[in-house]
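Trainee: Just dropping this structure here.
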Amino acid sequence: MTASRQPGVLAPCAATQGASRGRQYPEPEHPYRGVFQRDRDRIIHSTAFRRLVYKTQVFVNHEGDHYRTRLTHSLEVAQIGRTVAAALGLNEQLVEAICLAHDLGHTPFGHAGQDALNQCMQAYGGFEHNLQSLRVVDELEERYAAFPGLNLTFESREGILKHCSKRHARALGELGKRFLGRRQPGLEAQLANIADEIAYNNHDVDDGLRAGLLTEEELAETSLFGDNYARVRSMNDTIGISRRVQIQETVRAMINEIVTDLIDHSNVMLAAQAPADIEAVRAHSAPLIGLSPNADARHRALKHFLYGSLYQHERVLAMTERAHAIVRGLFEFYMNDRRAMPKDHVQRAEEWAEQSGDAGRARAVADYVAGMTDRYAYSAYSRLIE
Ligand code: MG
């Protein structure tokens with residue numbers, strides 16, 4: 001079982017300020033805030049972070065007030081990430097920064113919006129939300145006099161860039177190297193990646209049941225839900241708890257099972273490999289943070305189930321078609337009339353068009369459309385196009 005660590009003591013392989021590869025634009029240290037705390041603070045103060053509240057996770061924002069949005073999803077990811085970081089002696093502030101920033105590049109309307117924008121951008125290099133998250137923190141946020149973007153540390157940026165094609169990796173210099181050489185990022189980045197999956201697997205069960213798109217009986221086909229649901233019912237049937245509480249207790253038990261396994265199994269892998277420091281972690285060919293084969297299979301079976309039954313549900317897909325039409329409509333409209341965008345976006349479109357023609361202009365339009373919240377995209381579409 002999970003052994004508790006002395007609070008605040010970092011494992012030797014954790015990311016530390018002293019071993020940080022630093023920022024793109026060197027800055028003096030802050031008198032009382034560490035570099036990773038500053039990264040997290042900059043993310044929370046960013047415009048893109050505030051917009052997450054009106055961006056779809058699975059359910060469009062106006063469908064109901066109780067569903068997850070990108071913002072509450074990101075907060076749940078950060079909470080799981082911090083819990084595991086503390087238990088493993090990893091850098092909690094860095095994990096939190098990565099988790100809070102991981103979805104900053106998402107378009108309005110979730111994956112449907114990203115697919116539509118990617119199609120629009122096919123002739124101009126494509127659009128990928130993960131790469132866009134990096135673009136937001138590296139270039140698009142405008143807050144500081146001395147540099148573009150948020151000027152985050154290498155470690156935060158390495159964590160935000162979860163995956164990347166070889167073509168993009170070659171253009172990213174040091175940050176892209178690991179995708180070419182099959183290396184790993186630091187443990188904090190590995191953890192944030194899994195915390196994201198654990199968060200959405202579990203909260204999508206909750207949201208899917210709440211929306212009436214899934215039933216407990218269907219979900220019980222997966223062992224992770226089925227076993228925990230049966231246990232919760234057998235413990236509580238006599239006291240007559242409500243269906244809602246049974247579901248909450250089941251989701252709680254599932255998160256607990258998976259998070260505990262993640263801590264235990266990562267401890268086993270870290271003890272076996274004993275990486276001396278973060279550079280040794282990066283040199284590994286496989287991740288050192290992960291689930292045991294049994295928990296991994298249970299977790300994946302649930303993910304697979306949600307993919308088929310929730311994300312492909314006709315009510316979710318109906319939203320997808322509408323999202324495609326809105327994103328495509330807006331992209332084409334602004335490509336034809338870039339002056340309809342706000343001034344700073346027009347300026348970017350003109351500057352980039354001078355450098356790289358239509359591709360530059362398209363990138364400025366994609367940045368503008370990607371930054372929109374669901375409700376802003378809706379109102380722009382109905383004002384300009386419908
Ligand atoms: Mg996410």
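Trainee: Looking for whichever is among the aliphatic types (A, V, I, L, M) and over 26 Å from Ala86 (Cα atoms) here; the options are Ala192, Ala146. Which one fits?
Mentor: Result of the check over Ala192, Ala146: Ala146.
Trainee: Does segment 194-226 hold any residues that are in contact (Cβ under 8 Å) with a residue 60 or more places away in the chain and away from the ligand (no atom under 16 Å from the Cβ), and which are they?
Mentor: Passing the criteria: Gly208, Arg210, Ala211, Leu213, Leu214, Glu218, Leu219, Glu221, Thr222, Ser223, Leu224, Phe225.
Quick grid of which residues meet (1) under 27 Å from Asp367 (Cβ atoms); (2) within 11 Å of the ligand (Cβ to nearest atom); (3) among the acidic types (Asp, Glu):
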| position | (1), (2), (3) |
| --- | --- |
| Arg33 | no, no, no |
| Gln37 | no, no, no |
| Ile43 | yes, no, no |
| Phe49 | yes, no, no |
| Leu52 | yes, yes, no |
| Thr56 | yes, no, no |
| Gly64 | no, no, no |
| Arg82 | no, no, no |
| Gly105 | yes, yes, no |
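Trainee: So in segment 64-77, with the set limited to residues that are in contact with a helix residue (DSSP H, G or I) (Cβ under 8 Å, 6 or more places away or on another chain) and among the charged types (D, E, K, R), which one is least open to solvent (accessible area, probe 1.4 Å)?
Mentor: Step by step, filter segment 64-77, then rank; the result is Arg70.
Trainee: Something else now. Could you say whether any residue in segment 15-33 is crowded, with 17+ Cβ neighbours inside 10 Å and in a helix (DSSP H, G or I)?
Mentor: no
Trainee: Among the residues of segment 14-24, are any within 16 Å of the ligand (Cβ to nearest atom) and under 27 Å from Asn256 (Cα atoms)?
Mentor: no
Trainee: Would you mind finding the one in His66, His62 that is at pLDDT below 95, part of a helix (DSSP H, G or I) and over 21 Å from Tyr334 (Cα atoms)?
Mentor: That would be His62, the only listed residue that is at pLDDT below 95, part of a helix (DSSP H, G or I) and over 21 Å from Tyr334 (Cα atoms).
Trainee: Could I ask something else about it? Is there a residue in segment 273-293 that is open to solvent by 40 Å² or more (accessible area, probe 1.4 Å), under 30 Å from Val205 (Cβ atoms), in a helix (DSSP H, G or I) and modelled with pLDDT of 95 or more?
Mentor: yes
Trainee: A further question on this structure: For a quick check of your reading of the model, give me the residue pairs whose first member lies in segment 325-352 and is part of a helix (DSSP H, G or I), whose second is among the hydroxyl-bearing types (Ser, Thr, Tyr) and open to solvent by less than 70 Å² (accessible area, probe 1.4 Å), with beta-carbon atoms closer than 7 Å and at least 6 apart or on different chains.
Mentor: The qualifying pairs are Ile326/Tyr378; Ile326/Tyr381; Val327/Thr107; Gly329/Tyr381; Leu330/Tyr381; Tyr334/Tyr368; Ala340/Tyr334; His345/Tyr368.
Trainee: For Glu332, all conditions in the list (1) of a type in the set (Asp, Glu); (2) surrounded by fewer than 18 Cβ atoms within 10 Å (Cβ to Cβ); (3) at pLDDT below 95 hold save one; what is the number of the exception?
Mentor: Only one criterion in (1) of a type in the set (Asp, Glu); (2) surrounded by fewer than 18 Cβ atoms within 10 Å (Cβ to Cβ); (3) at pLDDT below 95 is unmet by Glu332, namely (3).
The values are calculated or read from the model by the stated rules, or taken from the named source; none is laboratory data. These numbers come from a predicted model, not from an experiment. Neighbour counts run over all protein chains shown; Cβ positions are idealised from the backbone, glycine included. For accessibility, only protein heavy atoms count, side chains too; no ligands or nucleic acids. Shrake-Rupley method; radii C 1.70, N 1.55, O 1.52, S 1.80 Å.
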